[in-house]
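Asker: Encoded as C-alpha cells, here's the structure I'll be asking about.
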Amino acid sequence: MSLILFLLLFGIHLTHGAVNMYQSKEKVDVFVNKVGPYANIHETYHFYSLPICRPEKIIHKSLSLGQVLEGDRVAESTYIIHFGENMARGSLCGDVALDLADTERLIRAIEEDYYFEIIIDDLRVRNFLGFIEESKQVFPHIHRIFLYTESIISFEINEKNQIINIDLKMVHESAVEIEEGKGFSVDFQYSVKWNKTNKTLSSRPSDGQVLFSTRSMHIHWLSVINSVLLVLLLIMFVALILFSAVRRDLAQYNEGDEQDLLMDNGWKTVAMDVFRKPKHPMLLSAILGVGTQFLIITSIILIIASFNILNLHRHGMLNTILIFLYALTSFIAGFVSSSKYAQLDGKNWIVNVHLTMGLFAAPMITVWTINNSVAWVNNSTQALPWTTVSIVLLIALIIGYPLAIMGAILGSSLSKKYEAPCRTRNVPRQIPALPWYHSTPSFCIVAGFLPFSAISVELYYIFSTIWGRETYTLFYMLAIVFCIVLWVTASISIGLTYSQLNAEDYHWWWRSIFNGGFVQLIKLFAIHKRICLFPCAQQSNQ
C-alpha cells in the first residue's frame, strides 16, 4: 500500500516541469519570486517587499508543498514579453516615486548585497539590485550607492521554439545614484533579445543561471577511486585480522587442556558476559528503528536522483518526496524498533513506538519552531504559512503515525525471544582496568575520522549547495560516497568491537552505537565551521 501511494505521488510529480513549445509572438509568462542578501541563502523575502515595480493587484501562483518549504512565494510580474519579439527599453511600470522611507530600505538592501529572482519558463534568473562604489579609503571616504534601473533579458531558443537558456544582465551605465536622506523618482526599464541556437534541450541549464557566475561541478574521480581503494584495503585488513585471529584462537581453545583454558585471556574470557542485555533497551531499540528508517530514505532518494528522475526544474519536488517518504517509512521504524525491543524482553511497546516517533520529530520540531518564529517576526518567506504546517502535520498524523503503530504491532508479534548461544553468568564479570586508548572517547574519535575522511571532499559541494549558490547535480557520485561511508563505518566498527572484546570489556552494545554515529558529530563540527571552511563569495564591485 505504501509503495503504491508513493508511486502514485511520484507519477503526479513527473507530469510537471515539461519545457514549453511557444508560438510566434505568444506571451511568455514572467514571475517574480523573492529577494534576499547574497551572503545568507536562507534569509529571503517576498519580491514585492521592496519598493520597486508592482502591479495594482498582486496575483500569487499556486505552489507545491516542496516549493513553499523552500521559501518560494511566486507572483505575477509587470514584464510583458512575447516570444521571438525583440524589445528595446520598455518601461516596467512607469515612473515610481520613492519617499524617504523607501529610499532607506533600498539603501540597506543594496549595502547588504540583495539579489532578486524571477522565473521564466521554469528557469530561475537572478541578479543584484545595485552596487556600491568606494573611493578614498583613508580620508575623506566616499561611499556611493547605485540602483540598477535597466536590465537586458537575452533568450536562446532552438528550432522547436523552446527556451534553452536565459541570461539577465543589469546595465551598469544607466544605474542611478541614491543619496541618503532624499527621495527620488525612477523609471525601471528592460530590453528583450531573442537569439537562435543549435543547442539541444539537454543543454538547458539545471536551474537557470547559477547565481551570477557558473562554476562547473568537477567530478573528483581520482579522489573517489582513492577512497574506494582505501576502503577495500581496510575491509581486507579487518577481515584478515578477524578471520586469522579468531580462527587461531578457536583452534587453541578447542585443542587446549583445562589448565590452558583457565589461564586464557582475551575475548574468550567474556564469552558468558558478552550476550548480556544492554542498559536502556527501549532507547537503544528506538535509535535502531530511526536509524534504519533514515538509511532507507537516503537510499531511495539517492537511487531516484541517480537516474535523473529528480529534475531540478520540478522545483520543490525533493522536499515533497522527503516528507512523504518520512511518513511512509515510519512503518519500518516502528517495526525494527518494536521487534528489537521485544527481543530484549521489553513489555511496554506503546511507549517504545512513541519514543521512536519522537526521537527525531521532537528535536526537529523544537528547532523548526524557533527558526520559523524568527523568520515570521522578520516577515521572511522562509516562515511557513499555517496552511503548509497543517498539511505537514496531517501527513504525519494520518499516514506516518498509523503506519508506525502498525509496524510496531507487526514487529512485536513476529519477533522471537532473544536467545544467547551460550549461558550467561549470574554475576557479571569484573572488567579490568584498561588504558586510555581503550576508552569510549578514543574509540569514537578513531571510528569517526576514518569515515569522515572518505566524505570530506564531497561535503564541500554539499555545503556549497546548502549555504552557497551552487546546485548539486552529481547524485550518483553522492551515492558512491554514501556506499563508501557505510563500508568504512561497518569495517571500523567491527574492528573496534573486536578490540574491545579482546580487552575483556563486554559492554559493546552502546559503544557500537557511539562508534558508528560519531562521524555525525564531526560533520556537525564541520557545519559549525562552514563560514571559515566554505566562505560565500562576495559581489565584485569592480
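The values are calculated or read from the model by the stated rules, or taken from the named source; none is laboratory data. What you are looking at is a predicted structure, and each value in this text was computed from that prediction instead of being measured. Note: ideal-geometry Cβ built from the backbone for every residue, glycine included; neighbour counts use all protein chains shown. Note: areas computed on protein heavy atoms with side chains; ligands, DNA, RNA excluded. Shrake-Rupley method; radii C 1.70, N 1.55, O 1.52, S 1.80 Å.
Asker: How many residues does region 372-412 hold that are out of contact with any helix residue (DSSP H, G or I) (no Cβ under 6 Å at 6 or more places or on another chain), more than 19 Å from Leu355 (Cβ to Cβ), of a type in the set (Ser, Thr, Tyr) and surrounded by 11 or more Cβ atoms within 10 Å (Cβ to Cβ)?
Answerer: 4
Asker: To continue, here is another question. For region 54-80, give me the residue count where each residue is within 12 Å of Val30 (Cβ to Cβ) and surrounded by 19 or more Cβ atoms within 10 Å (Cβ to Cβ).
Answerer: 3
Asker: Inspect all residues belonging to region 106-123 and state whether any of them is open to solvent by 80 Å² or more (accessible area, probe 1.4 Å) and either assigned to a strand (DSSP E or B) or touching a helix residue (DSSP H, G or I) at 6+ places or on another chain (Cβ under 9 Å) (or both).
Answerer: no
Asker: Can you confirm whether region 112-127 contains a residue that is more than 29 Å from His60 (Cβ to Cβ) and of a type outside the set (Ser, Thr, Tyr)?
Answerer: No, region 112-127 contains no residue that is more than 29 Å from His60 (Cβ to Cβ) and of a type outside the set (Ser, Thr, Tyr).
Asker: If you don't mind, another one. Take the residues of region 95-104 that are surrounded by fewer than 14 Cβ atoms within 10 Å (Cβ to Cβ) and of a type outside the set (A, V, I, L, M): which is modelled with the lowest pLDDT?
Answerer: Per the stated criteria, the residue is Asp95.
Asker: Assess whether Ile365 counts as being open to solvent by less than 90 Å² (accessible area, probe 1.4 Å) and touching a residue at least 24 places away in the same chain (Cβ under 8 Å).
Answerer: no
Asker: Report, by residue number, each residue of region 20-53 that is open to solvent by 40 Å² or more (accessible area, probe 1.4 Å) and over 20 Å from Ala383 (Cα atoms).
Answerer: Passing the criteria: Asn20, Met21, Gln23, Ser24, Lys25, Glu26, Lys27, Asp29.
Asker: Can you run down the residue pairs with Cβ atoms below 9 Å, 6 or more apart or on separate chains, where the first is in region 38-54 and farther than 16 Å from Arg105 by Cα and in contact (Cβ under 8 Å) with a residue 24 or more places away in the chain and the partner is assigned to a helix (DSSP H, G or I) and open to solvent by 50 Å² or more (accessible area, probe 1.4 Å)?
Answerer: Correct list of pairs: Ile41/Ile466; His42/Asn371; His42/Ile466.
Asker: With the requirement that a residue be farther than 20 Å from Lys169 by Cα, charged (D, E, K, R) and at pLDDT 85 or above, what does region 62-94 give you?
Answerer: Once the filter is applied, which keeps residues that are farther than 20 Å from Lys169 by Cα, charged (D, E, K, R) and at pLDDT 85 or above, region 62-94 yields Asp72, Arg73, Glu76.
Asker: Continuing with the same structure: Could you go through region 178-186 and let me know if any residue there is over 19 Å from Glu133 (Cβ atoms), touching a residue at least 40 places away in the same chain (Cβ under 8 Å) and in a strand (DSSP E or B).
Answerer: Residues of region 178-186 over 19 Å from Glu133 (Cβ atoms): 183, 185.
Narrowing further to those that are touching a residue at least 40 places away in the same chain (Cβ under 8 Å): 183, 185.
Retained after the next criterion (residues that are in a strand (DSSP E or B)): 185.
Yes: region 178-186 contains one or more residues that are over 19 Å from Glu133 (Cβ atoms), touching a residue at least 40 places away in the same chain (Cβ under 8 Å) and in a strand (DSSP E or B).
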